[in-house]
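A.B. asks: Sending over a structure as structure tokens; questions will come in a sec.
The values are calculated or read from the model by the stated rules, or taken from the named source; none is laboratory data. None of these values were measured; they are calculated from a predicted model. Using ideal geometry, Cβ is built from the backbone for each residue, glycine included, and neighbour counts are taken over all protein chains shown.
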Amino acid sequence: MTADVTIRLATIADLAAIQAIVADAYGMYVDRIGKKPGPMLDDYAARIGDGEAHVAEAMERIAGLLVLIAQAETLLLDNVAVAKDAQGMGVGATLIAFAEAEAARRGFDRIRLYTHVLMTENLTLYPHLGYRETQRITEAGYDRVYFEKAV
């Protein structure tokens, strides 16, 4: 089943829902990585205040989160997370498509994202979506794999 999804800028009223989605989506990786993944440590109130956080509304509630950060030469898709009970309904794909369109709308020729090297599911997902691996680095205490896609 594919849900109808609406994407909008997050407001501070969305903060609790965002934090719950992040905890839900990334909690499974704590044991695998040996510590909380970076998204679990982010300051979402600041992201909202900076206009970097978007939410996906589906099934009459907030079902996903997207954090986009403008960088000098690209738009960074810093975080995409979907509530567990909304996974498999097209929310994540809709958020990623929105991020790619937003990068183009803002005049960037590519979008960039990263994942932890131990989030192996993402290492196959992103190439399937047309992203190509560009580098592997240790950054902020995490082993990250960066990907890019032309938009």
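A.B. asks: Please return the ranges of strands (runs of 3 or more DSSP E) entirely within segment 63-147 where 2 or more residues are modelled with pLDDT of 95 or more and within 11 Å of the chain's Cα centre (by Cα). Break it down stepwise before answering.
C.D. replies: Numbers: elements: 75-82, 110-116, 132-139.
Counting at least 2 such residues, we get 75-82, 110-116.
A.B. asks: Scan segment 120-133 and tell me whether some residue there is exposed (fewer than 12 other Cβ atoms within 10 Å of the Cβ) and among the acidic types (Asp, Glu).
C.D. replies: yes
A.B. asks: Return the residues of segment 42-86 that are polar (S, T, N, Q) and out of contact with any Pro (no Cβ under 7 Å at 6 or more places or on another chain); say none if nothing qualifies.
C.D. replies: So the first thing to find is which residues in segment 42-86 are polar (S, T, N, Q), and the list is 71, 74, 79.
Correct list: Gln71, Thr74.
A.B. asks: Just to check your reading of the model, which residue among Ala70, Ala25, Ala17 is among the aliphatic types (A, V, I, L, M) and either over 21 Å from Val145 (Cα atoms) or touching a His at 6+ places or on another chain (Cβ under 6 Å) (or both)?
C.D. replies: Ala17
A.B. asks: Continuing with this model, one more query. Restricting to segment 46-67, give me the number of residues that are free of Cβ contacts under 8 Å to residues at least 60 places away in the same chain and touching a helix residue (DSSP H, G or I) at 6+ places or on another chain (Cβ under 6 Å).
C.D. replies: Residues of segment 46-67 free of Cβ contacts under 8 Å to residues at least 60 places away in the same chain: 46-62, 64-67.
When the remaining residues are screened for being touching a helix residue (DSSP H, G or I) at 6+ places or on another chain (Cβ under 6 Å), the result is 48, 53, 55-56, 58, 62, 64-67.
Final tally of qualifying residues: 10.
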